[in-house]
Amino acid sequence: MKKLIVILVACLLYGCASAPTWKGMSEREIADWKAIGFDAAKAQTWSKSGFNAEQSQQWSKASFDVESASDWSKEKFNPEEAGTWKQAGFELDDAVEDRAKGLTPVKMDK
């Protein structure tokens with residue numbers, strides 16, 4: 001019985017220790033992330049990709065996950081612009097190419 005309790009306590013401590021935390025963020029940053037409804041794990045993921053809380057919220061509202069937001073952002077798209085291209089059915093490479101030609105996407109009415 002004692003072994004079972006020790007194992008359960010060890011598992012609990014390990015689980016708590018490996019859970020994402022707000023480590024490395026100021027009180028202000030934590031408040032900003034919490035204000036937009038992000039938990040520590042989600043905030044850390046977006047933050048490690050170079051986004052602050054406001055940027056992450058904008059990309060999320062435009063229906064981008066952190067990976068795709070990072071890809072579009074690297075190509076100098078803002079969330080609104082990227083969302084317009086994406087809603088018009090463009091993949092990133094095509095959007096980059098067409099934008100370089102001076103084209104803009106046509107909004108599709110649903």
Legend entry - Extension gain from Asp98 to Arg28, taking 0.36 nm per residue of separation minus the Cα-Cα distance: 21.2 nm
Inset, instruction - With the full set of protein chains in place, find how many percent of the accessible area of segment 27-105 is carbon and sulfur; take the probe as 1.4 Å. - result: 43 percent
Legend entry - Projected label distance in nm at Asp39 and Glu75, using a 7 Å step from Cα toward the beta-carbon: 3.2 nm
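The values are calculated or read from the model by the stated rules, or taken from the named source; none is laboratory data. No experiment lies behind these values; they were computed from the predicted model shown. Cβ sites come from the backbone with ideal geometry, for glycine too, and all protein chains shown count toward neighbours. To get the accessible areas, we keep the full protein, side chains included, count just its heavy atoms, and leave off ligands, DNA and RNA. Shrake-Rupley method; radii C 1.70, N 1.55, O 1.52, S 1.80 Å.
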